[in-house]
Structure formats: C-alpha cells, structure tokens
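Read the structure below first, then the notes.
The values are calculated or read from the model by the stated rules, or taken from the named source; none is laboratory data. These numbers were taken from a predicted model, which means no experiment stands behind them. Cβ coordinates were reconstructed from backbone atoms using ideal geometry, including for glycine residues, and neighbour counts include every protein chain displayed.
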Amino acid sequence: MRAPTALLSLAVAATLLVPTGSALAEPTPPPGVTTRDFGNGPERNEEAAGVADPAAATLRALAGDTTPAAAAERLKHFPFFRDFKDKERGYPRQTRLPVPAENPADASIKLGLTPYHAIAGKLNALQARSNRVSVEVIARSHQGRDLYLVTVTAPESKQQAREQDAIRDRIENDSAKAAKDRKLPGRYKAPVFVNNNIHGNEWEGTDAALRVIEELALSDDKKIADLLNRTRLYFNVTANPDGRFGNTRANGAGFDMNRDFITASQPEVQAMRQVMIDTQPVAMIDLHGYVNGTLIEPTTPPHGANYEYDLFIKNTYANGLAMEQAVLGLGYTPEKDGVNPPTIPFRDDAEGWDDWPPIFTPQYAPFQGAVASHTIEFPMRVNNADYNNLPVEELRRRSAINTDIAAAVMRATYTFVQDRHDQLIADQIEMFRRGAAGEASKQVPLGIVPGFGPEDVYNTTFPRAYVIPAGDRQRSATAAARLVDHLIANDVRVERAKRAFTVDGTRYAEGSYVVDMHQPKRGIANVMLEPGADITPRVDSMYDISGWSHALLWGATVDSVSALRADTKTVDGADLDGSVPWTTRPLSLRVTDGREIQALNELIGQGVQVTWAENGTAVIPASARRQAEGLARKYGVTFGVADQAAGAKLGQVRVAAAVSADELFTLRELGFQVTPVSTAVLNAGFDWSTTDVLLVSSGLNYAQLNAGARAALDAYLTTGGLVTRGSTGATFNGAAGLLTVTPVAGRSDANGVVKVTSPGGPVGGDAPANSFVYSPRWFTGLGPEVRVEQAYATDGPLVSGHWRPNANGSGGQDAARGQAAVVSGRDERGAAVVMFGTEPMFRNHPKGLFAQVAKAVYWSSSAADVK
Ligand SMILES: [Zn+2]
C-alpha cells in the first residue's frame with residue numbers, strides 16, 4: 001500500500017548511512033579540548049556548597065571501568081539518580097550548575113547557536129526565575145563535560161512526589177491492578193523525555209530545548225499550567241557535549257552513541273538508559289539532522305518483533321502526524337526557504353528506515369515504557385562540508401529554521417501527551433501487563449493504522465524462561481556474570497536458583513540464574529537473549545545492523561526453557577567470587593572474557609613470568625600465588641591448577657594499532673597498552689622497538705608508506721606479531737607479502753550473527769560457536785603455512801541478521817559456507833600473523849569474541865619466542 005520511493009534511500013545514503021562503528025575515523029580529540037579539573041571546579045550542587053566535588057576522585061578511578069557495577073557506582077554520584085526516588089523531596093530540585101570557562105573554539109558559535117559553555121549559565125538563570133524548572137547533572141562525557149537533565153513540571157510537595165513515585169512503580173510492577181484503577185491516570189503526571197544532540201554535529205535540538213524550557217517556565221497560559229500539572233517533561237539538553245563542542249557526530253571516545261543502546265559502552269548512554277528506566281516515559285523524541293523534508297518516524301519495516309507494536313504504532317503514528325502538522329504550520333516552503341514538507345517513512349517509503357535493532361534511543365525507549373517514540377531529522381544541513389563551505393549567514397539561516405522546527409515538534413509532542421494523557425498511561429500499563437502475564441506476542445491487526453499491511457507484521461515467540469547455568473554447564477562464569485549484570489542494568493528481573501532444578505530434562509546447578517519471561521520488561525530481556533531472526537528474505541535494504549544476540553555473542557551459555565519450576569530469589573547483581581585453588585603447582589587462567597584478559601594483563605604488568613599455552617590458557621608460576629589471589633578478588637576470576645607449564649613466555653604486550661575508534665576503546669578496556677598508528681604516523685618515522693604486536697584494520701595503507709617507513713616496518717615484521725581485520729587488514733597482509741591467502745569480500749552491507757566451526761588452534765580453539773560479521777570476509781587459496789582457526793559453518797552461516805548476495809550473485813552466504821573466517825600462520829620471514837574476516841570488537845558489543853582478539857595478540861606476540 002505504500003508508495004515505493006527512492007527518495008528516502010537517497011537521503012539515507014547521503015546523510016545517515018555514515019560509517020558503522022568499525023569504520024569510524026580514528027579518534028582524534030577535537031582541537032581546543034581541555035580537560036576540566038573537577039577538583040578545583042565550582043561546587044556541584046547546593047548541598048555540597050563550598051566543598052570540592054567529592055565525586056571527582058571516584059569518577060576518575062571508574063573512568064576506564066565499563067562494567068555495569070562501575071556504571072551504577074558512577075551514576076550514584078549524580079544528583080538526579082541519587083535523589084529521583086528520594087521520599088523527602090518534592091519539586092523543584094534545583095542545582096547550581098558549575099559554569100565551564102568560555103571557549104571560543106566551540107563549533108556551535110559559527111552557527112549562531114548556544115555553545116556548550118553557555119548552557120549551564122542559562123539553566124541557572126531559568127532555575128532562579130521559575131519554580132517549574134529543576135536541573136541536575138546526569139553524567140560526564142568521555143572528555144569530562146556535564147550532561148544536564150532539565151525537569152519541567154508544576155511544583156510538587158514531597159507527598160505529591162512520593163505519590164507519583166508510587167504510581168509509577170505500580171504501573172510497572174502491579175500492572176494488572178493498575179489497569180483496573182480508573183482513577184490512576186488522572187492522578188499521574190505523564191512522563192515525557194526529549195533527548196537532544198546525541199549526534200554532536202546535529203546541534204539544534206539543544207537550542208530548541210532551551211527555548212521551549214524557557215517558554216514553559218515563564219508562560220502564564222492556563223493550558224501550559226494544566227500541562228505542567230499533568231506531566232513531567234524531561235529534557236536531556238545535550239546528550240553529546242563533546243561532539244557539540246568539537247563538531248563531531250561521535251562522542252570524545254569516537255562512538256556513535258545512537259548505536260550503543262544494547263551495549264551501553266559509553267557513560268553518556270548509560271545515563272540516558274538510566275533516565276529512561278527511572279522516569280519511565282510514555283513518550284520520547286530524539287532530535288537529529290539533516291533530512292530535507294523533515295523526517296518524522298514511525299519507520300518502515302522490518303519492525304522490532306519484541307515491541308507491543310499495536311500499542312506503539314497507533315500512538316507513534318498519531319504523534320508523527322501531529323508533528324508533521326506542527327512543522328507545516330511554521331509556513332516554510334520549498335520555494336521561499338528551501339524547506340521541503342515532512343516525510344514519514346512508515347507512510348511514505350517502502351523500506352530502508354527501520355526500527356529493527358534496539359541500538360537507537362527511540363528504539364530502546366519502548367522497552368522502558370514508551371508507547372510513542374520518534375527520531376526527528378530537521379531539514380537544513382549545516383554540518384560536514386556545508387559547515388566549512390557555506391557562508392556564515394546561510395548557515396545561521398539554516399540553523400534558525402532547524403531550531404524552529406525542533407521547537408515545533410517538542411510543542412506538538414507535549415500537546416499530544418496532554419491530549420491523550422490517560423490513554424497513553426493506559427497503554428503503558430497494558431504493555432507491562434502483557435509482559436507480566438506472559439501473553440503470546442500479539443498479532444497486530446492489519447489496518448490498525450492506515451497502511452499497516454502484512455509487510456509490517458513481525459512477531460516473536462517468548463520462551464517460558466531463560467536459564468544462565470552455573471557449574472559445569474556454564475562455558476564461562478565470568479561471562480555469565482557480565483551478562484547478568486547487563487540484564488539487571490537494563491531493569492530486567494533476574495533470579496537465582498536456591499537449589500538445583502531440572503527443566504526440559506536438563507539439570508541445572510544451584511546458583512544458576514533464571515530470567516522468568518513473565519515479567520513487565522520481558523521485551524528487553526528477549527531482544528537480548530533470543531538468537532534473533534534471519535530477515536534476509538523479507539527486505540532488501542536495512543538502515544543499520546540486523547543481527548545481535550547477547551546470548552550468542554557475549555560468551556556465556558544461555559538456555560531457553562519451556563517450563564519453570566525452580567526455587568529462586570531475585571538478585572540485584574551477579575555474585576561473582578573469584579578463587580585460587582589450594583595447590584603447590586603452577587596456576588592456570590583460561591581466557592574466556594574481558595575480566596580474565598584484564599587480570600592477565602595486570603599480572604604480566606606486575607612482572608610475573610607468565611607462559612601462554614596454545615590452548616588459550618595462561619600458566620602462572622606457583623610463586624605468584626599472592627598476586628593471583630589479589631586479581632581473583634579484583635576481577636572475580638577463577639584460577640585453576642595448571643596441567644602444563646609449557647608454552648611461550650608472555651611478556652607485557654605493547655600494541656601498535658591502526659584500528660577504528662571502537663576497537664581502540666575495546667583494546668584499552670582489556671588492559672592492553674596501545675599506541676595508535678596510521679600511514680601518516682609511520683611515514684613520520686616510528687620506533688618499532690617498543691611494539692610487540694601490530695593491529696591493522698583501519699587507516700594504514702602499506703602501499704602509501706615511504707621507503708623509510710616501509711623498511712622499518714619490514715624489519716619489524718621479521719620478528720613481531722601482526723593481527724589484521726577486514727578489508728584494510730587483508731590488503732595490508734597482501735601488500736606486505738605475508739600470509740598466502742586470497743581474501744574474498746561478502747556483500748558489504750551483510751551483517752549479523754553467524755555460525756562458525758573452530759577446528760582448533762591458538763585463536764579459534766575454545767571459541768564460542770557463533771561470531772559476528774559486518775561486511776564479512778573469508779580466505780581462500782591458503783598457503784601451506786596458513787592454519788584455519790575458524791570457518792563459517794556449512795549450514796547457514798547466518799543465524800540472525802541480513803545477508804544477501806550481490807546483484808551478480810557473488811558475496812552471498814552460499815559462497816561463504818565452509819570457508820576460512822579466521823586464519824593464522826607464520827610468515828617465512830618470521831612474523832606471526834592472525835587475520836580476521838569476522839568483526840570481533842564491533843562497537844564493543846560481541847564481548848564473548850574479545851577473548852579471540854586477546855588470544856591473537858598473545859599468540860602473535862609470543863610466537864617469536866618458540867620459533
Ligand atoms: Zn543523527
């Protein structure tokens with residue numbers, strides 16, 4: 001029923017299909033960035049007046065720790081999260097924000113917009129003028145800038161705030177009764193979340209938010225007074241202050257945060273996630289640029305199968321239409337202003353702008369209660385080349401239009417919530433009720449909104465429960481703990497078996513974790529724990545990734561079960577006790593998860609003489625028992641008794657890395673010492689004497705090296721290690737004349753979870769049965785020196801995701817079947833080389849694959865010693 005169109009695809013290709021995580025540019029901090037000295041800054045809030053920020057030291061200590069426990073600890077330091085459920089506080093909850101030093105290098109200034117340093121002062125002034133405005137700091141960005149959450153609502157006594165808290169809790173946790181309480185919606189202030197500027201160089205949501213907050217704060221309109229009596233409006237003023245300042249899409253760590261929601265690797269994303277969990281918005285909007293005409297969701301198919309899509313689409317489409325009218329009402333025209341009328345992908349396009357992966361803010365929000373959520377793309381491009389090339393006056397004209405449009409959709413959204421107040425709350429209750437009752441995935445009636453056809457119907461099957469086993473059935477206790485903590489951080493209820501139980505004929509040990517799928521937020525649990533679906537047959541064009549699975553890619557064993565009879569108790573975190581066995585023999589540490597890699601790197605850093613066995617296990621001398629005990633406590637890792645002391649000596653591994661930002665982040669998170677390199681860095685002269693392993697996946701082209709750089713690199717490659725990934729890595733291997741392989745590229749947009757077989761070897765041995773690909777590659781024509789570490793399965797190989805062949809028939813799954821996905825070998829000159837055709841560090845997501853990377857690094861660095 002929908003008109004097929006190329007318009008959207010063009011817009012997507014031109015503006016938004018910016019490189020995926022691994023193709024991000026190298027992370028160079030924007031010019032002019034200075035690190036703030038937290039300890040000497042102004043006081044953080046009124047309670048701490050006159051006291052140096054007590055959180056600073058803790059936050060600095062947590063900076064490199066991205067475990068959920070660390071994230072939770074970090075959030076405790078921010079007043080919003082600390083006080084949100086404070087029974088003794090009403091509204092407003094005002095905070096005197098520290099005002100950063102003025103910085104004329106802020107990229108917003110050229111556009112006539114509000115620079116980052118000016119936001120805090122404006123918000124302080126608004127708090128002083130209005131008791132409707134509360135502002136709190138919810139996070140610090142990668143580079144140390146504050147994120148401000150503004151709550152706009154009518155003042156509440158502490159009793160009133162307590163009542164709101166109680167109702168919100170009933171909606172989530174006592175939904176069946178809440179659904180029958182007819183007075184409930186009338187007593188509840190509907191929460192609305194407006195998220196701005198998550199892409200740092202899509203600026204104007206922030207400026208529109210400041211405008212709308214001021215209007216609401218100072219208005220004497222009765223309708224606004226009514227609105228603020230019946231809603232709480234939460235504005236994340238800028239989700240990405242690093243990028244706003246520095247004119248980058250990504251944050252300071254080089255991450256596209258609007259791809260990070262199922263992983264939450266970045267502190268800014270962890271904070272947004274927590275805002276959504278704590279406030280439980282019925283509606284949210286996420287402000288972006290630039291698509292002309294203004295793009296307003298809902299989306300094309302495929303639609304996420306874990307949403308209560310009937311509740312979602314009717315509200316999201318209705319607010320989409322309302323926002324469209326609001327934008328049209330501004331009176332901008334193509335002729336006069338160059339502003340085209342809005343487009344709604346669901347209505348106007350066939351495919352290419354989908355809500356399949358929950359990596360985007362508006363595609364995550366429904367799992368925390370939103371029954372209407374939207375991406376909005378304002379129309380007038382001011383970033384990238386236009387930022388540099390257009391006259392300042394034209395840029396400012398465009399930014400002013402974008403700001404008007406962003407403000408219009410914010411007003412439309414709060415008006416929509418005001419008008420549909422009780423129904424939106426009832427729909428949120430219904431969503432949680434279906435989850436708690438364990439009802440089957442609902443078939444959405446065709447025509448529920450105009451144009452909703454068979455192509456829009458996506459469903460899933462919820463198992464009765466998932467079990468994350470303890471004991472021998474668990475592949476990795478550390479990975480299991482990581483997964484459990486991640487589920488809990490997403491507000492999934494996890495229980496632990498008090499005694500052993502049997503289900504579906506399998507006996508599970510005491511201490512096994514159970515995720516009962518009869519729970520209000522079963523959607524987010526299932527979207528992480530189900531294998532996903534192969535949607536290759538249903539659509540040709542996807543906007544971003546199509547496959548993910550925490551159950552298949554995070555390294556832990558996860559079973560889905562059809563019945564649930566277990567004596568359990570709910571837990572608030574994984575209980576992971578590391579241990580060191582009583583023995584006088586050497587100790588072993590099996591590397592399955594990032595925690596073991598961190599522990600091993602720290603052990604090596606302490607100067608302990610570790611050896612590395614090719615089965616992927618480190619052997620630690622008995623004399624280092626005390627250090628091992630310390631690391632067992634710190635990382636929760638379990639040492640074993642070594643059955644072999646043999647292997648190569650493993651010294652501290654110093655990595656030179658020409659890699660993408662997400663890979664650099666991951667390598668450092670794992671505790672490797674990494675020096676970023678590139679063609680330019682090597683051409684300028686590079687001292688290879690302190691490098692043990694070179695990683696190449698991005699930004700290093702052997703053919704473009706000058707003679708001196710090439711000679712130095714060639715000399716290094718007679719003894720050093722090399723790990724490559726993807727096209728750049730395979731090209732590098734060929735140009736440097738190392739392993740004898742023919743790299744073959746799959747279709748470039750193919751991605752998802754694949755089935756693999758691992759015949760053994762220093763990298764593939766002990767690897768999980770699934771891997772992740774994006775632009776998959778494989779290797780044929782293997783020389784005698786090349787060993788297959790991992791191969792694509794002969795069935796599939798795609799488990800979930802999207803992978804079609806190219807138009808000429810090449811690059812498809814059939815071509816990949818049985819082919820080598822990861823290979824290793826020693827070049828005749830001496831270099832120990834590992835080549836990945838998979839994506840083991842993609843956006844920091846597939847945590848169960850990080851061990852393969854670490855094994856590749858350890859093996860290639862130590863292989864020289866056993867020549
Ligand atoms: Zn964007």
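Of the strands (runs of 3 or more DSSP E) entirely within the stretch 565-633, those holding at least 2 residues that are β-branched (Val, Ile, Thr) occupy 568-571, 610-613, 617-620. Of everything in the stretch 234-274, what is within 14 Å of the ligand (Cβ to nearest atom), assigned to a helix (DSSP H, G or I) and of a type in the set (S, T, N, Q)? Give them in sequence order. Result: 258, single match.
Conditions (1) modelled with pLDDT under 95; (2) in contact with a Ser or Thr (Cβ under 8 Å, 6 or more places away or on another chain), marked per residue:
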| residue | (1), (2) |
| --- | --- |
| 683 | no, no |
| 700 | no, yes |
| 706 | no, no |
| 738 | no, no |
| 759 | yes, no |
| 763 | yes, yes |
| 766 | yes, yes |
| 772 | no, yes |
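From the set of residues in the stretch 157-202 that are of a type in the set (A, V, I, L, M) and outside any helix (DSSP H, G or I), which is farthest from residue 110 (Cα to Cα)? Per the stated criteria, the residue is 190. Limited to the stretch 96-119, what total is found for residues that are in contact with a Leu (Cβ under 9 Å, 6 or more places away or on another chain), β-branched (Val, Ile, Thr) and not in a helix (DSSP H, G or I)? Selection size over the stretch 96-119: 1.
Considering only residues that are among the aliphatic types (A, V, I, L, M) and surrounded by fewer than 23 Cβ atoms within 10 Å (Cβ to Cβ), which ones fall in the stretch 629-649? Within the stretch 629-649, 632, 641, 642, 645, 646, 648 meet the criteria. Right, residue 695: of a type in the set (A, V, I, L, M, F, W, C), under 24 Å from the mean Cα position of the chain (by Cα), more than 21 Å from residue 829 (Cα to Cα) and surrounded by 21 or more Cβ atoms within 10 Å (Cβ to Cβ) or not? For residue 695, the condition - of a type in the set (A, V, I, L, M, F, W, C), under 24 Å from the mean Cα position of the chain (by Cα), more than 21 Å from residue 829 (Cα to Cα) and surrounded by 21 or more Cβ atoms within 10 Å (Cβ to Cβ) - is not met.
Applying a threshold of 6 Å to beta carbon distances and a minimum spacing of six or more residues, or different chains, the list of pairs starting in the stretch 519-542 at a residue that is closer than 14 Å to residue 750 by Cβ and touching a residue at least 24 places away in the same chain (Cβ under 8 Å) and ending at one that is part of a loop (DSSP other than H, G, I, E, B) and not hydroxyl-bearing (Ser, Thr, Tyr) reads 536/803; 536/804; 539/351; 541/351; 541/352. Where strands (runs of 3 or more DSSP E) sit wholly within the stretch 706-785, those with at least 2 residues that are under 19 Å from residue 845 (Cα atoms) and in contact with a Pro (Cβ under 6 Å, 6 or more places away or on another chain) occupy 751-757.
Considering only residues in the stretch 350-394 that are aromatic (Phe, Trp, Tyr) and part of a helix (DSSP H, G or I), the one that is surrounded by the fewest Cβ atoms within 10 Å (Cβ to Cβ) turns out to be 387. In this structure, residue 675 does not qualify as without any contact (Cβ under 8 Å) to a residue 40 or more places away in the chain, of a type in the set (Ser, Thr, Tyr), buried (at least 16 other Cβ atoms within 10 Å of the Cβ) and outside any loop (DSSP other than H, G, I, E, B). Here the condition is being of a type outside the set (S, T, N, Q) and either part of a helix (DSSP H, G or I) or on the phi < 0 side of the Ramachandran plot (or both); of 818, 809, 830, 848, it holds for 848 alone. Given the condition touching a residue at least 40 places away in the same chain (Cβ under 8 Å), out of contact with any His (no Cβ under 9 Å at 6 or more places or on another chain) and under 20 Å from residue 768 (Cα atoms), answer yes or no: does some residue in the stretch 487-494 qualify? No; the residues of the stretch 487-494 include none that is touching a residue at least 40 places away in the same chain (Cβ under 8 Å), out of contact with any His (no Cβ under 9 Å at 6 or more places or on another chain) and under 20 Å from residue 768 (Cα atoms). Across the stretch 205-220, a minimum of one residue is classified as crowded, with 21+ Cβ neighbours inside 10 Å, among the charged types (D, E, K, R) and closer than 30 Å to residue 382 by Cβ. Filtering the stretch 293-335 to residues that are away from the ligand (no atom under 16 Å from the Cβ) and part of a strand (DSSP E or B) leaves 300, 301, 302, 303. The listed residues are 420, 397, and the only one of them that is surrounded by fewer than 24 Cβ atoms within 10 Å (Cβ to Cβ), of a type in the set (Lys, Arg) and without any contact (Cβ under 8 Å) to a residue 24 or more places away in the chain turns out to be 397.
Confirm whether residue 406 is away from the ligand (no atom under 16 Å from the Cβ) and at pLDDT 95 or above. Against the criterion (away from the ligand (no atom under 16 Å from the Cβ) and at pLDDT 95 or above), residue 406 does not qualify. For the stretch 143-161, the criterion of a residue being under 27 Å from residue 248 (Cα atoms) and within 16 Å of the ligand (Cβ to nearest atom) is satisfied by no position. Of the candidates 189, 222, the single residue that is out of contact with any strand residue (DSSP E or B) (no Cβ under 9 Å at 6 or more places or on another chain), away from the ligand (no atom under 16 Å from the Cβ) and of a type in the set (D, E, K, R) is 222.
Among the residues examined, residue 198 does not qualify as touching a Gly at 6+ places or on another chain (Cβ under 9 Å), buried (at least 23 other Cβ atoms within 10 Å of the Cβ), touching a residue at least 24 places away in the same chain (Cβ under 8 Å) and over 30 Å from residue 100 (Cα atoms). When the residues of the stretch 275-292 are filtered to those that are buried (at least 24 other Cβ atoms within 10 Å of the Cβ) and not aliphatic (A, V, I, L, M), the one that is nearest to the ligand (Cβ to nearest atom) is 288.
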